[in-house]
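Written below as structure tokens is the structure these notes are about.
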Amino acid sequence: GAQRRDHLSGRGALPGVKSATLDRFFASPPGVGISDPAPLLEAARREPERVTYASLGNGHASQVAIESLAHAAGVRLLHVPFKDVGALFTAVASGDVDFTAFSMNTSGGLIARGKLRALAVAAHSRLAEHAALPTLAEAGAPDIEMRPWAGLVAVTGTPAAQLELLQRALLAALD
């Protein structure tokens, strides 16, 4: 039979470069007295689907991270999807939604200004850049890791000169 040549099969593409790892940080409103995920999970055990979480929709890394946590903890949470990150963070910061999970490059400014409270990181060990923030396991939650990454690939047949130009530009941008 004919072979598929697409991004899913891996055929027809040149190896790419991993450009970023986006660790997931669980965050809640700052004024509700929650400092780690354990009380949220306990509330969800007592009253399934009472605890709400925000994401950018089904399949988004934030939704996958939180559903992975819920599955590992054996709880059911109520998913509140948003169309844009601004509305999502406004809802979490105001307490309309109980928590979310995002990368620090997206939520870090809000955490630094006290608009969101970082609860834990979905990693097996603490991150050097945020050493004071516990892992989920250290915070009394199941030990899950959610570290999506972004990268670049090129289709087979891309001229070597183009690949070199892309590599130099990427390295300059990441430097």
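For the reader, a short list of remarks on this structure follows.
- For R24, distant residues with modelled amide H under 5 Å away: A122, M146
- Long-range amide H partners of S55 with built H, under 5 Å: V80, F82
- Pairwise label distance in nanometres, A160 with V32, each label 7 Å out on the Cα-Cβ vector: 5.7
- Accessible area (Å², 1.4 Å probe, nearest 10) - R50: 110
- Compared with the dominant Cα axis of the chain, that is its longest principal axis, helix 85-94 is turned about 20°.
- Phi-derived couplings, Karplus 6.51 cos²θ - 1.76 cosθ + 1.60 at θ = phi - 60°, listed residue by residue for the stretch 170-175: 5, 4, 5, 5, 8, 6 Hz, with x used for Gly and Pro.
- Accessible area per residue, Å², the chain with all protein chains present, probe 1.4 Å: 57
- 3J(HN,Hα) along the stretch 41-47: 5, 5, 4, 5, 5, 6, 9 Hz, from the Karplus curve 6.51 cos²θ - 1.76 cosθ + 1.60 with θ = phi - 60°, whole Hz, x for Gly and Pro.
- For the chain, size of Cβ-based charge dipole, Lys and Arg +1, Asp and Glu -1, in debye: 340
- Taking every protein chain into account, the 1.4 Å probe leaves H79 with about 50 Å² of accessible area, to the nearest ten.
- Look at the alpha carbon pairs under 8 Å that are at least 6 residues apart: their mean separation over the length of the chain gives a relative contact order of 33 percent.
- Scattering curve values for the chain, log₁₀ I(q)/I(0), Debye with Cα scatterers, q = 0.09 Å⁻¹: -0.40
- With all protein chains in place and a 1.4 Å probe, the accessible surface of the chain carries 54 percent carbon and sulfur.
- Between helix 61-73 and the chain: long-axis angle, C-alpha atoms, 0 to 90°, nearest 10: 50
The values are calculated or read from the model by the stated rules, or taken from the named source; none is laboratory data. These numbers were taken from a predicted model, which means no experiment stands behind them. All Cβ positions, glycine included, derive from the backbone under ideal geometry; neighbour counts span all protein chains shown. Calculation scope for accessible area: heavy atoms of the full protein, side chains included, ligands and nucleic acids excluded. Shrake-Rupley method; radii C 1.70, N 1.55, O 1.52, S 1.80 Å.
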